[in-house]
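These notes are about the structure you will find just below.
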Amino acid sequence: MRFLVTNDDGIHAEGLIQLAASLATLGEVTVVAPDNERSATGHAITMHYPLRVRRVVLPGLDIQAYAVDGTPADCVKLGIDVLLEGRPDFVFTGINRGANLGTDVLYSGTVSAAIEGCIMGVRSAAFSLLHGDGDKMDYAYAGKIAIKVAEIISGKNLSPDTLINVNIPSVPQNQIRGMKVTRLGRRRYTKNYEKREDPRGRTYYWLSGQLIEEEMESDIDIDAVNNNYVSITPLHYDLTSYEMMSILQSWGFEEDFTD
Ligand code: MN
């Protein structure tokens, strides 16, 4: 198995190094990752600046690694097009520091990098580890989950337009109850911006936001991790609302102007 590994927390993030180390037990890993933090950059790509690539040595790992001064999606495009010799079998992203659940996936660089892998026709998965109490995060356990996911999908015919979004609860390993297939929930925030004043008396705004916990059904990703399950969500990037197509036609949006 040949893996392209990237993330949005930057090439020196603990979660990335763990993901690369775990997957290296299964096959050949190449890391192509942003040179520093690019969280919440979504699916942005760099068009108006050149991209610089630098070879790096990752601590304790004997694998090819490249730092790119671009976004996670840039890393996947550049990795597959230019840096890797031959196509990878998988694009695996993460392990992100913090959840990528519900509507937050639309902002996530980690998930977007996996979407880019899908767009380029490579089977892809995104991994995120929730923040637990305090700062301690068990990336080693999350790495084991990544191995399990690779083993399951390697023998299966995962549709090329579908990626797997994995969220791992941050509780001790013996409290994790299993894995659950889920759908995206809704994450909404309130009091999004704090209004402050800079030393020169000018107003500025800082994104903060409090999560609104909404009523949840048990097949939702947020509910699964809240109940100590690893959440496994199949995502596709085709945003078409198929059920609305015939409705829009009936509203008069379909009309032949040549008659
Ligand atoms: Mn991140």
Members of region 110-124 found to be surrounded by 24 or more Cβ atoms within 10 Å (Cβ to Cβ) and either under 19 Å from VAL181 (Cα atoms) or aromatic (Phe, Trp, Tyr) (or both), listed by number:
VAL111, ALA114, ILE115, SER124
I'm trying to understand the selection: among the residues of region 131-151, which are closer than 16 Å to ASN174 by Cβ and either part of a helix (DSSP H, G or I) or not charged (D, E, K, R) (or both)?
GLY132, ALA140, TYR141, ALA142, LYS144, ILE145
Criterion first (modelled with pLDDT under 95 and not polar (S, T, N, Q)) does TYR66 satisfy it?
no
Just the residues that are acidic (Asp, Glu) and surrounded by fewer than 15 Cβ atoms within 10 Å (Cβ to Cβ), please, taken from region 183-238.
GLU194, GLU197, ASP198, GLU213, GLU214, GLU215, GLU217, ASP219, ASP238
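Give the residue that is surrounded by the fewest Cβ atoms within 10 Å (Cβ to Cβ), with candidates limited to residues of region 82-109 that are in a loop (DSSP other than H, G, I, E, B), of a type in the set (A, V, I, L, M, F, W, C) and within 14 Å of the ligand (Cβ to nearest atom).
Step by step, filter region 82-109, then rank; the result is ALA99.
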Please state which one of GLY79, GLY10, GLY42 is within 16 Å of the ligand (Cβ to nearest atom) and either modelled with pLDDT of 95 or more or not in a loop (DSSP other than H, G, I, E, B) (or both).
GLY10
Inspect all residues belonging to region 42-56 and state whether any of them is in contact (Cβ under 8 Å) with a residue 40 or more places away in the chain, in contact with a strand residue (DSSP E or B) (Cβ under 9 Å, 6 or more places away or on another chain) and under 30 Å from THR103 (Cβ atoms).
no
Exactly one condition in (1) within 18 Å of LEU83 (Cβ to Cβ); (2) touching a strand residue (DSSP E or B) at 6+ places or on another chain (Cβ under 7 Å); (3) buried (at least 22 other Cβ atoms within 10 Å of the Cβ) is not met by ALA13; state its number.
(1)
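The values are calculated or read from the model by the stated rules, or taken from the named source; none is laboratory data. What you see is a predicted model; the values in this text were computed from it and never measured. Every residue, glycine among them, receives a Cβ derived from its backbone with ideal geometry; neighbour counts consider all protein chains shown.
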